[in-house]
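Before any comments, here is the structure.
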2 protein chains.
Amino acid sequence: MSAYHPLNAEEAIQLAKSIPGRFPDHAELECREIGDGNLNLVFHVTAKNTADSIIIKQAVPYAKVVGESWPLSLDRARIERVALETQYSLCPNLVPKVYGYSDELAYTVMEDLSEYTIMRKGLIEGIAYPKFAEHIGEFMARTLFYTSDLGMNQQEKKVLAGRFVNPDLCKITEDLIFEDPYRESSNNNYPDHIADEAEALRTDLPLHFEVALLREKFLTHAQALLHGDLHTGSIFVTPESTKVIDPEFAYFGPMGFDIGAVIGNLLLNYAAQPGWSQDEYTQATREARLLEMASDVWNHFESNFRMLWNDDLLDEMSRTPGYQDYYVSQILKDTAGFAGCKMIRRIVGLSHVADIDTIADDTAREAAQRKALAIGKNLVRHHRSIKSFEDILTLIQQATKGNEVSI
Amino acid sequence: MSAYHPLNAEEAIQLAKSIPGRFPDHAELECREIGDGNLNLVFHVTAKNTADSIIIKQAVPYAKVVGESWPLSLDRARIERVALETQYSLCPNLVPKVYGYSDELAYTVMEDLSEYTIMRKGLIEGIAYPKFAEHIGEFMARTLFYTSDLGMNQQEKKVLAGRFVNPDLCKITEDLIFEDPYRESSNNNYPDHIADEAEALRTDLPLHFEVALLREKFLTHAQALLHGDLHTGSIFVTPESTKVIDPEFAYFGPMGFDIGAVIGNLLLNYAAQPGWSQDEYTQATREARLLEMASDVWNHFESNFRMLWNDDLLDEMSRTPGYQDYYVSQILKDTAGFAGCKMIRRIVGLSHVADIDTIADDTAREAAQRKALAIGKNLVRHHRSIKSFEDILTLIQQATKGNEVSI
């Protein structure tokens, strides 16, 4: 197995056996490939008579998206693995453990999380995750603080950033999030009934201006090691536990991009609620819960981040009075802007979310699409004026009522 | 010559002979080591009977500054060479040509510029360089535009940035420019008679706040490939020609850092004029010329940069109306702030400038030091409010009169 080739089930079993201490000696192992086939092979290796199991994730040298094949560097397997290891070292309870890897074969052997649910699926089913905001707030505060110039030696940070040069996957984000939704592109994907919305996005120059500013931040602001794709499909949950997976988009970028991804995806589920809730009471309860969750995500991030800043700051100049408040306020503005961009692209861009696309009722689905776009646009348009999370809630509320207002 | 060792003159001659076409066959070569011994060996190899000559610059694995030895990566020779090649490819008339190199021995063989003068020396002698602003404006516009996300393929830019991970030399800047002048540090170096100024810098928290913002930009804003140390000692000039040398501090950072370096160093010479000009008329003439030159540097940068943007833009979203103006206005603010930081550190920090330190008269030297600090502080303090180069001239004038004002 020296040069790259896609693994088969038998090779995956041999690999699993070679990891010390993972399976009892002479255990009989079974293997199932459970990947969705778009970007990676995912082998689930289990022991027949015990609960022991393991995941082997292998990158394939292309991405299959809506039938198209894009060539995609296998180096993303190395980036994902180094990101997992870095994040695990900072948040061992919130990230799967890596047991082994091969950069040449582009695979990583890691902890199996079969007992967890993909958060997007759980949210669609209306499940509450009362610990989620606390967990993800801690994850983001710790991974972002300790890989920034605030919490990491600044020379080590530069060397680490050199290991996360990730042009292929950054380009996916640059195209699909920050460009295609605002122009004619064969990548775009939306139903005819919202063609008016797509057209409006293409001609809204004040909106393009705000997107251009956010795009520039994504391209140049090497603030911290991001997960880079922190939507609710990259998070495994139970009501008690949270695990963040799939950081193959990791690179050094603006902190608000990760926080905005989480909040934008909670808001996509929020916008979808009229299509999922069985009655008005359920809808009102879930909507309130989702907004509270979004707010709590920010609040837990902020309180953890400020605590780390006060306790563990390495950068002397950053002790200057007022600087922490300014820095956090900038992250909040970025968070709102990136959340908005991510909502918009999930409605008119290439890649959608099940929260909205699987709503059965046509009218309810269209309403959800328009609502998500209204919220997303309002957040992008006003992100630079935002001063508190309450401002974000106000923008959501106003967009929901069809009124965009300045704050 | 396989492993690193400092070259001797005989080896330098052999190396020079090995460069195809540089010297006539059988030429008799002579070699002199002309470096200042602080960071590099510099061999000047000349033919006895022709005008042919060459420079061989070799890094040594330490920096000697005021008697101290700092260990310093030899990788800076590779960084300098790749920067020279990149800049030469964009501005062949403004950068010495590279003829050969060895990363292992940390040397670069390049064009000899012995007929040029170091610009700082020329300015101290009161020489006018009527083409300088045009040349350096073009150099900065082209090198910064074509290595930014505006003018370079964004994936290639990321890969190129990976070749310019430069922690050792960035740390010198981070410490000496953005930290030491604002705290007690054994690196600081100032005469007793301006101890009051140094003390005031250490306790000026509003100033620290602005410096912290600029420091954050230097640490994180990977906008374009910078020269990284573009003071008047890194520029060779004749009245007709300009060559930019010594880019060993090159890394991907904020464009305003390079532009601010040029302008800050012109302003240091401006502040020194009462110590150099023989009479009031000469002083007034030179001061006016220096301010005009600073202004022209910005204007030539801006007009070239906007022309490249209009003609050669790769980034679609950057065509959004208003974005170019906004982007340029941000560069101007950064330019002013970085210019101010560079002026301050040259008065109280480790490394000074001959423009001021070699003024013979004690009173005139002290006046120049205080004037440079007043200008530097005023630029840093108000950099975020600056809207045009006229605002910068106003801040200079007000500081010179001892009045700091808001704009």
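Every read-out reported here was derived from the displayed coordinates using simple, explicitly stated rules and does not represent laboratory data. Because the structure is predicted, anything quoted here is derived from the model rather than measured. Methodologically, a virtual Cβ is constructed for each residue, glycine included, from the backbone with ideal geometry; neighbour enumeration extends over all protein chains shown.
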**Study point:** Reach of A:LYS387 by Cα under 17 Å, taken over lysines that are not fewer than 8 positions away in the same chain
**Key:** A:LYS333
Review point. What are the distances, in nm and sorted shortest first, from the label point of A:LEU205 to the label points of the same position in each other copy, with each label point placed 7 Å from Cα along the Cα-to-Cβ direction?
Key: 4.5
Point to revise | P(r), alpha carbons of the range A:341-404 - 5 Å bins starting at zero, rounded % | key: 4, 19, 25, 23, 16, 9, 3, 1
Point to revise | chain A: most fluctuating residue of A:TRP298, A:TRP276, A:TRP70 per GNM, C-alpha cutoff 10 Å | key: A:TRP70
Exercise for review: Starting from the Cα of A:LYS48, draw a straight line to each of the lysines and keep only those under 21 Å, dropping any in the same chain fewer than 8 residues away.
Suggested key: A:LYS17, A:LYS57
Exercise for review: Report relative contact order for the range B:76-214 in percent, whole number only (criteria: Cα-Cα under 8 Å, sequence separation at least 6).
Suggested key: 16
Practice item. List the equivalent ellipsoid semi-axes of the range B:9-110 in whole Å, largest first, each obtained as the square root of 5λ for an eigenvalue λ of the Cα gyration tensor. Key: 24, 18, 11
Revision key, fill the gap. If one compares the long axis through the Cα atoms of helix A:9-18 with the longest principal axis of the Cα atoms of chain A, the angle in degrees, nearest 10, works out at 80
Practice item. Using a Gaussian network model of chain B whose springs link C-alpha atoms within less than 10 Å, name the residue from B:THR108, B:THR147, B:THR320 with the highest mean-square fluctuation. Key: B:THR320
**Study point:** Alpha-carbon spread of the range B:45-177, three principal axes, descending order, Å
**Key:** 47, 38, 32
Exercise for review: Express the relative contact order of the range B:52-115 as a whole percentage, based on alpha carbon pairs under 8 Å and six or more residues apart in sequence.
Suggested key: 39
Practice item. Compute the acute angle (0 to 90°) between the alpha-carbon long axis of helix B:75-90 and the principal axis of greatest extent of the alpha-carbon atoms of chain B; round to the nearest 10°. Key: 80
Study note, to complete from the structure: The correct pair for the range B:195-238, radius of gyration to one decimal and Dmax as a whole number, both in Å and from Cα atoms, is 15.3, 43
Exercise for review: Mind listing the label-point distances from B:ARG319 to the same position on all other copies, shortest first, one decimal in nm, points 7 Å along Cα→Cβ?
Suggested key: 5.1
Study note, to complete from the structure: Largest fluctuation, B:ALA51, B:ALA128, B:ALA16 only, Gaussian network model of chain B with Cα springs under 10 angstrom, belongs to B:ALA51
Study note, to complete from the structure: So the pair-distance distribution of the protein assembly as shown, from every Cα-Cα distance in 20 Å bins, comes to percents of 15, 43, 31, 10, 1
Check your understanding: If the label for A:VAL159 sits 7 angstrom from Cα along the Cα-to-Cβ line, what are its distances to the same label in every other copy, in nm to one decimal, shortest first?
Key -> 2.5
Point to revise | Hull-based mean projected area of the range A:296-382, where the convex hull spans the alpha carbons, in square nanometres | key: 7.5
Check your understanding: In deg cm²/dmol, rounded to 500, what helix-only [θ] at 222 nm does chain A give when every DSSP H run of at least 4 residues adds -39500 (n - 2.57) and the total is split over its residues?
Key -> -17000 deg cm²/dmol
Revision key, fill the gap. Taking chain B, the equivalent ellipsoid from its C-alpha gyration tensor has semi-axes in Å, biggest first, of 34, 26, 21
Point to revise | Out-of-range pairs (alpha-carbon distance over 20 Å; input B:LYS171/B:LYS217; A:LYS171/B:LYS157; B:LYS121/B:LYS243; A:LYS97/A:LYS121; B:LYS377/B:LYS401; A:LYS157/B:LYS217) | key: A:LYS97/A:LYS121
Exercise for review: Working from Cα positions, state the angle (0 to 90°, nearest 10) between the long axis of helix A:132-145 and the longest principal axis of chain A.
Suggested key: 80
Check your understanding: Mind listing which trypsin sites (Lys or Arg not before Pro) in the range B:306-392 are in a DSSP loop and have 16 or fewer other Cβ atoms within 10 Å?
Key -> B:LYS387
